[in-house]
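The values are calculated or read from the model by the stated rules, or taken from the named source; none is laboratory data. The structure presented is a predicted model; accordingly, all values stated were derived computationally and were not measured. With ideal geometry, Cβ positions are generated from the backbone for all residues, glycine too; neighbour counts draw on all protein chains shown.
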Amino acid sequence: MSIWEYANPKKFMQTSAWALPWVAGLAIILLLGGLIWGFFLTPDDYKQGSTVKIIYLHVPSAMMGVSAWFMMLAGSLIWLIRRHHVSALAAKAAAPVGLTFTLIGLVTGAIWGQPMWGTWWAWDPRLTSFLILALFYLGYIALWEAIEDPDTAADLTAILCIVGSVFAFLSRYAVLFWSQGLHQGASLSVVGGDQVDNVYGAPLVACIAGFVLLFLTLVLLRTRTEIRSRRIKALLARERRV
Amino acid sequence: MIALLMRDLRLAMRAGGGFGLGLAFFLMVVVLVPLGVGPEFAVLRRIAPGVLWVGALLACLLSLDRLFALDFEDGSLELLATAPIPMEGVVAIKSLAHWLVTGLPLTLIAPVLALLMNLAPEGYVWLVVALALGTPALSVIGAFGAALTVGLKRGGLLLSLLVLPMYVPTLIFGTEVVKRGAVGMELGTPLLFLAGVTLASMALLPIAAAAAIRANLK
């Protein structure tokens with residue numbers, strides 16, 4: 001039993017078909033629970049009022065926006081090294097999901113920033129690096145769409161993904177090592193202790209787990225779609241030959 | 001390798017357009033901005049570093065799609081791939097040729113255009129230094145983008161979408177050097193970052209670009 005068994009599309013389809021309802025169900029439960037808990041059952045912050053609650057969308061989606069790129073990096077590396085088509089397709093499937101999370105992170109940040117900082121947008125290193133990450137997602141998706149041969153497309157997007165990881169890494173750690181700018185430091189930390197009170201922290205953890213599972217659900221679903229559309233293409237090509 | 005460099009330079013000189021066009025575009029951008037924002041000296045002086053850098057960036061971008069495309073179409077890129085020099089070397093040489101016909105002239109002409117933008121006198125030296133340090137990165141990053149899109153019929157727009165985000169660090173640190181230089185502030189940190197970005201992209205991106213070209217030639 002090795003993880004490479006799932007490189008076989010058939011095996012992947014079987015296992016993901018079995019896992020998908022569970023992952024999706026758990027994601028829905030955690031998200032509903034976390035968001036309802038966060039939005040309605042926590043007190044207003046004494047300074048920020050009820051705007052503090054946007055943290056339940058902002059932090060998890062921003063985290064997943066960056067993590068999605070690293071998942072794509074793993075998929076791309078596996079494709080380049082071992083040439084498993086499923087992993088390339090998973091990377092392709094993750095890109096629009098990651099872009100959406102990144103945009104949610106940017107938009108919720110703007111909505112929160114307007115009453116708190118008095119501005120929708122600031123050219124702060126953290127915000128800027130995140131915007132660049134969103135542009136990288138766009139470029140990555142556009143490159144996939146533009147190239148006709150699927151293997152060449154997988155190769156080239158994998159290379160782009162590796163180069164883009166530098167920027168994903170920058171956005172991930174920009175919160176830590178750039179002290180200038182408006183954006184505050186990391187909210188949760190394994191080492192340094194939390195900067196968020198437990199009243200807010202516990203639902204936040206539930207939301208983050210929910211977003212991780214939501215991401216997993218969407219990527220599994222989209223990968224299955226990609227595999228199926230590949231199969232249809234192969235069938236059509238075979239039919240044309242006959 | 002030197003033969004390849006000379007060939008690329010000769011082609012750039014004789015094919016017309018490519019060589020002068022980038023400079024003319026740079027000039028146009030710098031002329032248009034004061035017409036757009038109004039000719040007040042104080043405003044122009046403040047935005048001069050940014051405008052000059054953005055102009056240089058766009059001028060550089062303009063000539064990128066021809067970096068590999070012509071050789072890809074007539075098949076000489078395949079010959080180069082079978083040549084004894086590694087693809088990484090080909091990419092490095094082609095980026096060097098690109099820099100010699102765009103980045104270097106841009107750097108040299110920038111002080112003249114800075115005059116139009118009313119840059120502070122202390123800024124001129126740092127403008128040239130920053131452009132000389134930063135434009136090689138533009139060429140190498142651009143070569144990577146061009147290598148990714150070389151197989152596409154209309155890759156120009158996609159190329160700019162891929163390349164411009166990667167230009168951002170060079171732009172930020174480049175303008176920071178000129179801004180600080182113009183007001184006489186300490187500028188070691190952005191200068192080092194600018195040089196670091198250039199050196200890192202010169203060291204790493206030819207490898208990525210060569211991998212992209214090999215994938216395109218397969």
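Can you tell me which residues in the stretch B:27-86 are over 24 Å from B:LEU100 (Cα atoms) and among the aromatic types (Phe, Trp, Tyr)?
Selection gives B:PHE41 alone.
Residues of the stretch B:171-188 being in contact (Cβ under 8 Å) with a residue 60 or more places away in the chain, surrounded by 24 or more Cβ atoms within 10 Å (Cβ to Cβ) and either outside any helix (DSSP H, G or I) or not aliphatic (A, V, I, L, M) (or both), which ones?
Within the stretch B:171-188, B:GLY174 is the sole residue that qualifies.
Exactly one of (1) more than 9 Å from every other protein chain (Cβ to nearest Cβ); (2) at pLDDT 90 or above; (3) crowded, with 20+ Cβ neighbours inside 10 Å is unmet by A:LEU103. Its number?
Tallying (1) more than 9 Å from every other protein chain (Cβ to nearest Cβ); (2) at pLDDT 90 or above; (3) crowded, with 20+ Cβ neighbours inside 10 Å, A:LEU103 fails exactly one: (3).
Please find, among A:VAL212, A:VAL219, the residue that is more than 9 Å from chain B (Cβ to nearest Cβ), at pLDDT 90 or above, surrounded by 21 or more Cβ atoms within 10 Å (Cβ to Cβ) and farther than 18 Å from B:PHE144 by Cβ.
A:VAL219
Would a scan of the stretch B:200-216 turn up a residue that is among the small types (Gly, Ala, Ser), over 25 Å from A:GLU145 (Cα atoms), in a helix (DSSP H, G or I) and away from every other protein chain (no Cβ under 14 Å)?
No, the conditions are met nowhere in the stretch B:200-216.
Which condition number does A:PRO43 fail, the rest of (1) surrounded by fewer than 17 Cβ atoms within 10 Å (Cβ to Cβ); (2) touching a Pro at 6+ places or on another chain (Cβ under 7 Å) being met?
(2)
Search the stretch A:136-151 for residues being at pLDDT below 90 and part of a helix (DSSP H, G or I), and hand back the single one that is farthest from the other protein chains (Cβ to nearest Cβ).
Of everything passing the filter in the stretch A:136-151, A:PRO150 is farthest from the other protein chains (Cβ to nearest Cβ).
State which residue is surrounded by the fewest Cβ atoms within 10 Å (Cβ to Cβ) when the search covers only the stretch B:122-143 and only residues that are under 12 Å from the mean Cα position of the chain (by Cα) and not aliphatic (A, V, I, L, M).
In this case the residue turns out to be B:PRO136.
Which of (1) assigned to a loop (DSSP other than H, G, I, E, B); (2) touching a residue at least 60 places away in the same chain (Cβ under 8 Å); (3) surrounded by fewer than 24 Cβ atoms within 10 Å (Cβ to Cβ) does B:LEU119 not meet, given it meets every other one?
With respect to (1) assigned to a loop (DSSP other than H, G, I, E, B); (2) touching a residue at least 60 places away in the same chain (Cβ under 8 Å); (3) surrounded by fewer than 24 Cβ atoms within 10 Å (Cβ to Cβ), B:LEU119 is out only on (3).
Just checking, does the stretch A:122-135 include any residue being at the interface with chain B (Cβ under 9 Å from one of its Cβ atoms), farther than 17 Å from A:ALA62 by Cβ and part of a helix (DSSP H, G or I)?
So far as the stretch A:122-135 goes, no, none of its residues is at the interface with chain B (Cβ under 9 Å from one of its Cβ atoms), farther than 17 Å from A:ALA62 by Cβ and part of a helix (DSSP H, G or I).
Looking at the stretch B:50-80, which of its residues are buried (at least 17 other Cβ atoms within 10 Å of the Cβ), out of contact with any Ser or Thr (no Cβ under 8 Å at 6 or more places or on another chain) and not in a helix (DSSP H, G or I)?
B:LEU64
Residue by residue, here is whether (1) within 15 Å of the chain's Cα centre (by Cα); (2) at pLDDT below 90; (3) facing chain A (nearest Cβ under 9 Å) holds:
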| position | (1), (2), (3) |
| --- | --- |
| B:LEU157 | no, yes, yes |
| B:VAL163 | yes, no, yes |
| B:LYS179 | no, yes, no |
| B:GLY184 | no, yes, no |
| B:THR189 | no, yes, no |
| B:LEU192 | no, no, no |
